[in-house]
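The values are calculated or read from the model by the stated rules, or taken from the named source; none is laboratory data. Keep in mind that what you see is a predicted model, and the values were worked out from it rather than measured. Here the Cβ positions follow ideal geometry from the backbone for every residue, glycine too, while neighbour counts run over all protein chains shown.
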Amino acid sequence: MSIKVGNVEKWLLILVFTPVILMSFIIIASNIGHQIAFAQGSGGQQQTSGATSPDEVVVRRVVIWGVFYRLMVVAFVVGAVVQGCIVYVCWRFRESHKKNKPRESMEGIHR
């Protein structure tokens with residue numbers, strides 16, 4: 001029994017691009033409505049009062065930990081997907097699997 005090259009390429013593309021597309025959607029969905037400010041300023045305009053309201057102050061360490069947390073969530077999800085694929089491939093193509101046992105030749109049986 002031979003494996004068709006077209007099927008292998010199709011499944012390889014699915015296994016490679018599914019996590020990439022999935023993570024892109026997760027990142028886009030998590031960033032909707034969240035705007036991270038990496039600099040403190042009012043867009044080039046100087047405030048005349050000199051005081052900033054507490055809503056405008058950005059604590060950089062909090063923002064950095066927030067970005068780190070998001071990236072760690074993404075890393076764990078990608079790691080889980082990759083590990084799941086590896087476990088599936090190892091389980092599916094193990095030597096003791098009944099579909100991977102060599103079979104006798106089928107020549108002449110159909111006559």
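Descriptive notes on the structure:
- Residue within the stretch 58-72 that is modelled with pLDDT under 85 and part of a loop (DSSP other than H, G, I, E, B) present: yes
- Test for VAL89: is it touching a residue at least 24 places away in the same chain (Cβ under 8 Å) and hydrophobic (A, V, I, L, M, F, W, C): no
- When LYS99 is tested against (1) of a type in the set (D, E, K, R); (2) at pLDDT 70 or above; (3) over 30 Å from LEU15 (Cβ atoms), only condition (3) is not met.
- Taken together, GLN35, GLN40, GLN45 contain a single residue that is modelled with pLDDT under 70 and either surrounded by 10 or more Cβ atoms within 10 Å (Cβ to Cβ) or aromatic (Phe, Trp, Tyr) (or both), which is GLN40.
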